[in-house]
1. Between beta-carbons, use under 12 Å as the cut-off and find the net charge around residue 452, counting Lys and Arg +1, Asp and Glu -1.
2. Select from the range 240-310 those GluC sites (Glu not before Pro) which occupy a DSSP coil region and have at most 11 other Cβ atoms within 10 Å, ordered by residue number.
3. Which whole-Hz couplings ³J(HN,Hα) result when phi for each residue of the range 155-161 is put into the Karplus expression 6.51 cos²θ - 1.76 cosθ + 1.60, θ = phi - 60°, listed in order with x for Gly and Pro?
4. Using the number of other C-beta atoms within 10 angstrom as an exposure proxy, rank 161, 259 with the fewest first.
5. Please list 3J(HN,Hα) in residue order for the range 419-425, calculated via the Karplus relation 6.51 cos²θ - 1.76 cosθ + 1.60 where θ = phi - 60°; whole Hz, with x for glycine and proline.
6. From the backbone phi of the range 166-171, what are the Karplus-calculated ³J(HN,Hα) couplings (6.51 cos²θ - 1.76 cosθ + 1.60, θ = phi - 60°) in whole Hz, Gly and Pro given as x?
7. Hey, fewest Cβ within 10 Å first, where do 419, 304 land in order?
8. Counting only residues 5 or more places away or on other chains, whose amide H sits under 5 Å from the amide H of residue 387 once H atoms are built in the peptide plane?
Amino acid sequence: MSDTAATLQFLGAADTVTGSRYLVTAQQRRILVDCGLFQGYKVLRERNRAQFPIDPSSIDSVVVSHAHLDHSGYLPALVRDGFAGPIHVTHGTAELLGLLLLDSAHLLEEEAKFAARHGFSRHEHPQALYTVEDAERALERIVPVDFDHTVELGPELTATLVPAGHILGAAQVRIAHAGRTVHFSGDLGRTDDPLMRAPRALEPTDIVVCESTYGDRAHPAADPADELASVISRVASRGGVVIIPAFAVGRTQELLLHLARLRRAGRIPEVPVYLNSPMAKDATSLYRSHREENRISDGDFEDMYKLATIVTSVDDSKLLNLRGGPMIIISASGMLTGGRVLHHVVAYGDDPANAIVLSGFQAGGTRGAALAAGADHLRIFGKDVPIRAEVVQLQTMSAHADADGVLAWLGAVPTPPEMIYVTHGEPASADTLRARIRHELGWNARVPEQSETVQI
């Protein structure tokens, strides 16, 4: 490979569904597409603490597909360690990052303090991965751009962000260099998503980097509202508490939408609903200010706001653990990796009258994945917490296209790309999607390895 050849290096999401990081080197520029945190298994999380594979100061610019932390959460560390260029994102993503990065930093700092105070860390002086100050410095580097606006990254080198559905501001990233294009799917939304509009169709391109979160499965045809109505009615009848771990951005808004419609239709009892996530409240307001990206009516928005009591203070959050049922608590994080929801699981997880409802994808190695697999206890705050509550995994609620959806998105392009690199999926999901692309579309496809570099 010559020194002048354009290359793509897979710095993350190559053997896992988290840690999205892709380095494009072209026209004597280094462009990082996504800058996410690794989540799940400890061996993956430890990558967050490792030295970044290249000198952050050598990166010219960053382009972020969307605000979820597995795509954006490492930005504060990258800036702290020397990155000084622009971070290009859509307007919706810029607004969400103002919430998510500060919240992530705050939680990391609080968890480090909690671990030090209670002595359950292996480290004598546990340190946060990054601080609120680091996050604030990262936010200063953000440059919002419109969808479909061409961003000049260097001579004959541009980036364009096009709608991906999925969550507010989510984009596919198209990098053009010297007459060639590399198209990153980002996280593709569903064409039938109740919240977001469908992703933009794929245009002809030379290379595709494609997500495979649900690469080995199809979403059930059932209505998620039916699943929610069933479990809520069942738990309420026995006076229990329904705990719903949910991502503050995207999943919480979809849950509120379904619950508001169910309440309006008289399909669930009028038990109290608590949204224990100040960030989710702010995110819901942002969805309302970007109506062009979503399908929510004014009436639905009004009902969503009226439905839930917003819990902001730590003291009020603690009081929920003393209140008892019947009630519904929606709280981050969606995979039980941190946040206030863990305290609710500690308080209510031991009672079979209660239920924990998993509302999204559970990455391997997370507490959510352990529950989905039937675990009867969880390690939380250094202690084994027994789980006797009913555990329900909603199979119909996802903001990702399934395998059929990804294949339809790929297959609609009039000319096949030279290569499809299948990333951002657990090994089985990625390889299953790779095989389907080869066999059903007849295209070149492969699953890259972590740190692998290919010519583009």
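1. Numbers: positive: 446; negative: 15, 449.
That works out to -1.
2. 270
3. x, 6, 9, 9, 10, 10, 9
4. Exposure proxy ranking, most exposed first: 259, 161.
5. 7, 10, 9, 9, 10, 6, x
6. Values, residue by residue: 6, 9, 4, x, 5, 9 Hz.
7. On the way: 419 17, 304 23.
Ranking 419, 304 by Cβ neighbours within 10 Å, fewest first, gives 419, 304.
8. 377, 378
Read the figures in this text as sums done on the coordinates, not as results from a lab. This one's a predicted model, so the numbers in the text were calculated from it and none came from an experiment. Cβ atoms come from the backbone with ideal geometry, glycine included; neighbour counts cover every protein chain shown.
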